[in-house]
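Novice: Dropping the structure in here first, questions after.
The values are calculated or read from the model by the stated rules, or taken from the named source; none is laboratory data. For clarity, every value in this text was computed on a predicted model and none was experimentally measured. Here the Cβ positions follow ideal geometry from the backbone for every residue, glycine too, while neighbour counts run over all protein chains shown. Surface areas here come from the heavy atoms of the whole protein model, side chains and all, with no ligands, DNA or RNA. Shrake-Rupley method; radii C 1.70, N 1.55, O 1.52, S 1.80 Å.
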Amino acid sequence: GRPMVVPHTAQEPLFGKPGRSGPDRSFFCVPILIGRKSLGAIEVELPFFAELAPNSRIVGIAIGGGNLQRCRAFASGLAGVIRSLRTPPLLVISSDMNHFASDAENRRLDAMALEAMESCDAEKLFEIVTRHNISMCGVLPTVVMLRAALALGATRGELVAYANSGDVNGDRRQVVGY
């Protein structure tokens, strides 16, 4: 729940084995807070990229609010920028899914949102999340990335894995989907 700065990731156990090979990077984490509760951070993927693709360059984009029309405009602009690049980047979106429903209810709600994502239907995702009050924190960035991917020629998405917090801690009463 607090900001964190790691000046030398190669020396920090949280980022893998200290002294590992690869570039030494600095890392900062700024939590997203609602009141005093930490809901996550925009930098959670960085340790994975540092380990799996240490020479990658990352541009983080955080979206605090908006609507479907603004998401469409942002996606169109993003797709235009990507088209102008010699080498297209990998687009990565990270979001949790629904929060604090029972395991069965969370899986039901998340399945609707995931189906919209797999079909690359940004408008359907937005409508489902809104109509069913799915507490998916990253719905707007996901809508932007789906629209941008469609504009760049994508035709479908692929679910690589799905789980929820109950799969880790065994408590199925109130879970968070991922």
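Novice: Could you count how many residues in the range 67-115 are assigned to a helix (DSSP H, G or I) and not charged (D, E, K, R)?
Specialist: Initial filter on the range 67-115 (assigned to a helix (DSSP H, G or I)): 68-83, 103-115.
Imposing the further condition that a residue be not charged (D, E, K, R) reduces the set to 68-69, 71, 73-82, 104, 106, 109, 111-114.
Qualifying residue count for the region: 20.
Novice: Quick test for you: out of Leu109, Leu114, pick the one residue that is surrounded by 16 or more Cβ atoms within 10 Å (Cβ to Cβ) and closer than 21 Å to Arg173 by Cα. Steps first, please.
Specialist: Details: Leu114 fails: closer than 21 Å to Arg173 by Cα.
The unique qualifying residue is Leu109.
Novice: Mind listing just one residue for me: the one in the range 50-66 that is of a type in the set (A, V, I, L, M) and in a helix (DSSP H, G or I) and, of those, most open to solvent (accessible area, probe 1.4 Å)? Explain how you work it out, then say what you get.
Specialist: Filtering the range 50-66 down to residues of a type in the set (A, V, I, L, M) leaves 50, 52-53, 58-59, 61-63.
Adding the requirement that they be in a helix (DSSP H, G or I) leaves 50, 52.
Working: Ala50: 18, Leu52: 146 Å².
Top of the filtered list is Leu52.
Novice: Search the range 45-72 for residues that are over 20 Å from Asp96 (Cα atoms) and pair each with any residue that is of a type in the set (Asp, Glu) when their beta-carbon atoms are under 9 Å apart and the residues are at least 6 apart or on different chains.
Specialist: Close Cβ pairs (under 9 Å, with a partner that is of a type in the set (Asp, Glu)) amount to Ile58/Glu45; Arg72/Glu123.
Novice: Does the range 160-167 contain any residue that is at pLDDT 95 or above and open to solvent by less than 20 Å² (accessible area, probe 1.4 Å)?
Specialist: Of the range 160-167, the ones at pLDDT 95 or above are none.
Within the range 160-167, not a single residue is at pLDDT 95 or above and open to solvent by less than 20 Å² (accessible area, probe 1.4 Å).
Novice: Could you pull out the residue among Arg107, Arg147 that is farther than 28 Å from Asp167 by Cβ and not hydrophobic (A, V, I, L, M, F, W, C)? Before the answer, list the steps.
Specialist: Working: Arg107 fails: farther than 28 Å from Asp167 by Cβ.
Result of the check over Arg107, Arg147: Arg147.
Novice: Quick check, is Met112 out of contact with any strand residue (DSSP E or B) (no Cβ under 7 Å at 6 or more places or on another chain) and touching a residue at least 24 places away in the same chain (Cβ under 8 Å)?
Specialist: No: the conditions fail for Met112.
Novice: Please work out if Ile134 is among the hydrophobic types (A, V, I, L, M, F, W, C), out of contact with any Pro (no Cβ under 8 Å at 6 or more places or on another chain), part of a loop (DSSP other than H, G, I, E, B) and over 26 Å from Phe48 (Cα atoms).
Specialist: Numbers: among the hydrophobic types (A, V, I, L, M, F, W, C): yes; out of contact with any Pro (no Cβ under 8 Å at 6 or more places or on another chain): yes; part of a loop (DSSP other than H, G, I, E, B): yes; over 26 Å from Phe48 (Cα atoms): yes.
Taking the combined requirement at face value, the residue satisfies it.
Let's see how each residue does on (1) open to solvent by 20 Å² or more (accessible area, probe 1.4 Å); (2) polar (S, T, N, Q); (3) in contact with a His (Cβ under 9 Å, 6 or more places away or on another chain); (4) at pLDDT 95 or above:
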| residue | (1), (2), (3), (4) |
| --- | --- |
| Thr87 | yes, yes, no, no |
| Leu90 | yes, no, no, no |
| Phe100 | yes, no, no, no |
| Ser119 | yes, yes, no, yes |
| Gly138 | no, no, no, no |
| Pro141 | yes, no, no, no |
| Ala151 | yes, no, no, yes |
| Gln174 | yes, yes, yes, no |
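Novice: From (1) at pLDDT below 80; (2) in contact with a Ser or Thr (Cβ under 6 Å, 6 or more places away or on another chain), pick out the condition that doesn't hold for Met4.
Specialist: (2)
Novice: So, one more: Applying the selection to the range 73-88, what residues are closer than 11 Å to Ala149 by Cβ and β-branched (Val, Ile, Thr)? It would help to see each step written out before you state the result.
Specialist: Going through the range 73-88, the residues closer than 11 Å to Ala149 by Cβ turn out to be 75, 78-79, 82, 88.
Result: Ile82, single match.
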